[in-house]
Amino acid sequence: MTHTAEPMDDNRRQLLVATSVVGGAGAVALAAPFVASFAPSERAKAAGAPVEVDISKVPPGEMIVVEWRGKPIWVLHRTPEMLESLKAVREKLADPDSEKSIQPPYAKNEHRSIKPEFLIVEGVCTHLGCSPSPKFQVGEASGISADWVGGYLCPCHGSMFDLAGRVFKHMPAPTNLPVPPHKYLTETKVLIGEDKA
C-alpha cells in the first residue's frame with residue numbers, strides 16, 4: 001500500500017516559516033555572546049594583550065598615559081627643543097646609551113625610540129615602582145633647578161629622568177625607564193605590547 005503526501009495548506013506553511021525564523025533568531029541570539037567572548041576583555045588587556053594607540057591625538061609637547069599589563073605607558077610627543085635637550089644632558093646621565101637598561105634593539109639610540117619625536121616608555125620608576133611626574137617646564141619654572149631642561153621627577157625618592165627616560169647620575173633608580181615592545185601599524189597608530197612583524 002502506498003501513501004501519497006498530502007499538499008501542505010497555506011496556514012501550515014506560514015507556521016513552519018515563522019517557527020524557522022524564530023528558531024534562527026534564537027540561535028543567533030544564543031551565539032552572539034560566544035562570538036563576542038573572542039574579543040580581548042579589559043582583563044585580558046591588563047594581563048598583557050597588546051594595546052592600540054592613536055598618536056595623532058597627542059600634540060607636540062604633550063603626553064598621554066595608556067595601560068598595558070597593569071602598568072602606565074607614557075607616550076610623549078617630543079618637540080624639536082625636547083629632542084635637542086637629550087644632547088645637553090648626556091654627561092649627567094648614569095647610562096646614556098642604555099647598556100644596563102631594558103629596551104628593544106630598535107630603541108638603542110639617543111632618543112630611545114623608533115620615531116625620534118615619540119617616546120614610549122613604562123612610567124614606573126626603576127627604584128621602588130613609584131610613578132614619576134612629568135616636569136616639562138624648563139629652568140626655574142620647573143621648580144627643580146635653573147639648568148633643568150625638562151624630564152621626569154619621582155616624588156617618592158627624588159630620582160630624575162630626562163626626556164628619553166634615562167636616569168641621571170647618583171639617583172636611587174638603578175636603570176633607565178624600560179621601553180616596552182611596540183610597533184607602528186600606520187603613521188599614526190602604534191601597537192604597544194607586540195613588536196614582531
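Numbers for the structure displayed
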{"read-out": "Condition broken by S101, with the remaining ones in (1) among the small types (G, A, S); (2) touching a helix residue (DSSP H, G or I) at 6+ places or on another chain (Cβ under 9 Å); (3) at negative phi; (4) crowded, with 18+ Cβ neighbours inside 10 Å satisfied", "value": "(2)"}
{"read-out": "Selected residue [crowded, with 20+ Cβ neighbours inside 10 Å, over 23 Å from V51 (Cβ atoms), touching a residue at least 24 places away in the same chain (Cβ under 8 Å) and of a type in the set (A, V, I, L, M)] from A173, A164, A94", "value": "A173"}
{"read-out": "Search result, residues across the range 60-91 that are within 11 Å of L119 (Cα to Cα) and without any contact (Cβ under 8 Å) to a residue 12 or more places away in the chain", "value": "I64"}
{"read-out": "Filtered residue count, the range 101-115, keeping only those that are part of a loop (DSSP other than H, G, I, E, B), of a type outside the set (K, R) and more than 17 Å from the chain's Cα centre (by Cα)", "value": "4"}
{"read-out": "Residue match in the range 153-161 (condition: farther than 18 Å from Q137 by Cβ and surrounded by fewer than 17 Cβ atoms within 10 Å (Cβ to Cβ))", "value": "yes"}
{"read-out": "Spans of strands (runs of 3 or more DSSP E) in the range 116-176 with at least 2 residues in contact with a helix residue (DSSP H, G or I) (Cβ under 9 Å, 6 or more places away or on another chain)", "value": "118-122, 151-153"}
{"read-out": "Any hit, the range 112-133, residues being out of contact with any His (no Cβ under 9 Å at 6 or more places or on another chain), more than 25 Å from I55 (Cα to Cα) and among the small types (G, A, S)", "value": "yes"}
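Since every read-out is calculated from the coordinates, none of them should be taken as a lab result. Source: prediction; values computed, not measured. Quick reminder, even Gly has a Cβ in these numbers, built from the backbone with ideal geometry, and neighbours come from all protein chains shown.
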